[in-house]
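Here is the structure we will look at.
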Amino acid sequence: PNPDPNPNPNPNLQAEILEQIKRGDISYGVVPFGNSHAGMESNTLDELAGTAMKVYAEIEIPTKYLLLSSSKSSTNTNDWHKAIKTVYGSQLLLKECRTWLQVNLPQANHVTTHSTESAYTRAKKEGPTTAAVGTQLAADVCGLSVLSEGIENRVSTSRFFVISQVCEPPSGEDKTFVMFSLRDAQGALFVALKALKEEGINLTNIESRPSGSKAWDYNFFVRMDGHEQDKNIRAALEHLKKVCSYVRVLGSYPANKHDSK
């Protein structure tokens, strides 16, 4: 997909939410973490890396995507199929709906926006030849019409983080989200992960993102079973601090009851 040539003046919704929490305007905010098929939301990881905010909780919901537009065309007619020339959406949503879009709107150009909010704004502003990938809630809030439902590639689950300035105490069934950077040494990642293995810690996710500090330098994000106050987690974190250049706990929170990973 092409990048959005005319981004929203405030396209990064994750950054705005974190900033409002930091200022004290709101106590909690919800940001996307990822999708079970499309992968992680890189924008959220990048923003969490640069803030002192904490992951307070996580939410999982079944994913159902719709094609939204300012057009008033009925979903029972096919007129709009030929009219749509551009489809806006975040990288994650466009990826999750790629098959449907290619089959049903082969003529449409797919444009990646920095946030779903920006995609809705563009579709509403530019009129009936544009559309956005979104949800029913987005349609209701933004005043957009639903052109088609169930456009996702396959049934999936999306995970969201609830962000705050504080963490929950141990519940007995928790997750901990940690970011670390490696030293420039042979086998550095192996050494870091070995520190977790030796403490019997189960990792449920691992992702990497460019650190932005220098070329080809990366931050690693790991999600693991347990709370940062647990004895084995504390021991592993102390070991990580000895073998990594940087370690930070992004939050410990109750595990989602439906979490199978």
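For the chain, modelled as a GNM with alpha-carbon contacts under 10 angstrom, which of 49, 119, 185 fluctuates the most? Among 49, 119, 185, the largest mean-square fluctuation in the Gaussian network model of the chain belongs to 185.
Among residues other than residue 169 with Cβ under 12 Å from its Cβ, the summed charge is -4 (Lys and Arg +1, Asp and Glu -1).
Normalised per residue, the accessible area of the chain is 51 Å², obtained with a 1.4 Å probe and no contribution from ligands, DNA or RNA. The modelled label-to-label distance between residue 85 and residue 157, using points 7 Å beyond Cα along the C-beta direction, is 4.2 nm. Share of carbon and sulfur in the accessible area of the stretch 110-217 stands at 51%, probe radius 1.4 Å. Neighbours of residue 42, meaning other residues whose beta-carbon lies under 12 angstrom from its beta-carbon, give a summed charge of -2 when Lys and Arg score +1 and Asp and Glu score -1. Couplings for the stretch 194-203, taken from phi via the Karplus curve 6.51 cos²θ - 1.76 cosθ + 1.60 with θ = phi - 60°, read 4, 4, 6, 4, 5, 9, x, 8, 8, 8 Hz in order; Gly and Pro are left as x.
Over the chain, what is the relative contact order in percent, taking alpha-carbon pairs closer than 8 angstrom and at least six residues apart?
Working: 539 pairs, mean separation 67.8, N = 261.
26 percent.
Applying the criteria of a DSSP loop state and at most 13 other Cβ atoms within 10 Å to the chymotrypsin sites (Phe, Trp or Tyr not before Pro) of the stretch 216-253 yields 216.
Counting other Cβ atoms within 10 Å, which trypsin sites (Lys or Arg not before Pro) in the stretch 154-190 have at most 16 and lie in a DSSP loop?
Values: sites: 154, 159, 175, 183; in loops: 154, 183.
Here the sparse-neighbourhood loop sites are 154, 183.
Give me D for the chain in µm² s⁻¹, whole number, from Stokes-Einstein with Rh from the Kirkwood sum over alpha-carbon pairs, 20 °C and 1.002 mPa s. Estimated via Stokes-Einstein, D reaches 108 µm²/s.
Please find the FRET efficiency linking residue 140 to residue 16, where r is the Cβ-Cβ separation and R0 is fixed at 22 Å, and quote it to the nearest 0.05. Numbers along the way, then the final one.
Numbers: r = 21 Å, r/R0 = 0.94.
The value I calculate is 0.60.
Computing FRET efficiency as 1/(1 + (r/R0)^6) for residue 214 and residue 243, where r is the C-beta to C-beta distance and R0 is 22 Å, gives about 0.65. Rounded to 0.05, the FRET efficiency of the residue 193 and residue 103 pair, given R0 = 41 Å and the Cβ-Cβ distance, is 0.50. Note on the stretch 189-204 and the stretch 14-71: Cα centroid distance 27 Å, given to the nearest whole angstrom. According to the Kirkwood relation over distinct C-alpha pairs, the hydrodynamic radius of the stretch 145-261 is 16.0 Å.
The values are calculated or read from the model by the stated rules, or taken from the named source; none is laboratory data. In this text the structure is predicted, and so the values were computed from the model without any measurement. Positions of Cβ are backbone-derived with ideal geometry, glycine not excepted, and every protein chain shown enters the neighbour counts. Side chains included, ligands, DNA and RNA excluded: accessible areas come from the protein's heavy atoms. Shrake-Rupley method; radii C 1.70, N 1.55, O 1.52, S 1.80 Å.
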